[in-house]
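Each remark here refers to the structure printed beneath this line.
We did not get these values from a lab; they are worked out from the coordinates using the rules stated. None of the values given here were measured: they were computed from a predicted structure. Here the Cβ positions follow ideal geometry from the backbone for every residue, glycine too, while neighbour counts run over all protein chains shown.
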Ligand code: DGL
């Protein structure tokens, strides 16, 4: 069991920001990742649909064999965390609770901004989690649906991108937030631009990176971690799958994770199932 990988899922590239943190903090752990690029973005879909897709991705990872599941997607977390925690025989980690805790810890003026997809913001899960922990915080939630397509279409460095980010974050600047939760795992890919717009005095919280602290705690608690000797590190594996275009996904992933030899396997959505045909050859 301890040698099994940790499973990560997202609608596309976003969860790779969480994987990057896992590779940094937990280098002995093997990982397996699936991005549902064929159906991204999830953020503007009804949560019932996001729930259905997230469960399909989970079933795919379970079939491969994982010891822990990270829903490396805020929208997926809002839609399914409770249910998956109830149903799954392994520990399930979402990204919203960890991000909320971190924001409470660092804010000094109790004005917390949260940016996320329409689905995440309309679920008000950040607001609820923060309120349940600390009742003197004001949470300013804002959906910024233009951000995910910028990442998925790899327009991060376009001139227009800075303009969009500036426009969409203005209300939060007016709210005088001193802490801003990046409540979508795609947003750390726009971190520099977001920081520039908000100003250096605003602390950005990466919800996905915070979730890896939780993964680390749970690995210890359930005695599921691989040991930290060098042999284990060398034998840790990584596998990447996408429902979208494999080459495109590989190109992005190689750059982001700085691993020029990394490969990505394309998988196919058939009805309610996600199938890896490379396994059946
Ligand atoms: N990265 C995901 C999130 O954290 C989903 C973004 C999307 O597909 O809209 O919410």
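Dividing the C-alpha radius of gyration of the stretch 18-84 by 2.2 N^0.38 Å, with N its residue count, gives 1.14. The order of 24, 64, going from fewest to most other C-beta atoms within 10 Å of their C-beta, is 24, 64.
Can you give me the relative contact order of the stretch 1-51 as a percent, contacts being Cα pairs under 8 Å and 6 or more apart?
Details: 47 pairs, mean separation 23.2, N = 51.
Averaging sequence separation for qualifying contacts and normalising by length gives 45 percent for the stretch 1-51.
Could you give the alpha-carbon Rg of the chain over 2.2 N^0.38 Å, rounded to two decimals? Please report the intermediate quantities before stating the final value.
Numbers: Rg = 18.1 Å, N = 281, 2.2 N^0.38 = 18.7 Å.
In units of the 2.2 N^0.38 Å rule of thumb, it is 0.96.
Roughly how many whole Å is it from the C-alpha centroid of the stretch 1-67 to that of the stretch 98-130? Distance between centres, Cα-based: 22 Å.
Peptides 11-23, 98-110, ordered by how many other C-beta atoms sit within 10 Å of their residues on average, highest first, read 11-23, 98-110.
P(r) tail for the stretch 130-195, what percent of Cα pairs lie past 20 Å? Please report the intermediate quantities before stating the final value.
Working: 671 of 2145 pairs.
In whole percent, the long-distance tail amounts to 31.
Convex hull over the alpha-carbon atoms of the stretch 73-205: what's its volume per residue in Å³?
Numbers: hull volume 13.7 nm³, N = 133.
Residue-normalised Cα hull volume stands at 103 Å³.
With bins 5 Å wide beginning at 0, the percent of Cα pairs of the stretch 109-152 falling in each bin runs 5, 23, 27, 20, 13, 7, 4, 0. What the Cβ-Cβ distance of residue 134 and residue 86 gives, at R0 = 35 Å and to the nearest 0.05, is a FRET efficiency of 0.85. Its alpha carbons considered, the stretch 143-279 gives a radius of gyration followed by a Dmax of 18.8, 53 Å. Computed on the chain, with alpha-carbon pairs under 8 angstrom and 6+ residues apart, the relative contact order is 26 percent. For the stretch 170-221, taking Cα atoms only, Rg and Dmax work out to 13.3, 42 Å respectively. Binning the alpha carbon pair distances of the stretch 1-150 at 5 angstrom intervals from zero yields the distribution 2, 9, 19, 21, 20, 15, 10, 4, 1, 0, expressed in whole percent.
Can you give the calculated 222 nm mean residue ellipticity of the chain, where each DSSP H run of n ≥ 4 adds -39,500 (n - 2.57) and the sum is split over every residue, rounded to the nearest 500 deg cm²/dmol? If you can, show how the numbers build up before the last one.
On the way: 12 runs with 131 residues, N = 281.
One gets -14000 deg cm²/dmol as the mean residue ellipticity at 222 nm.
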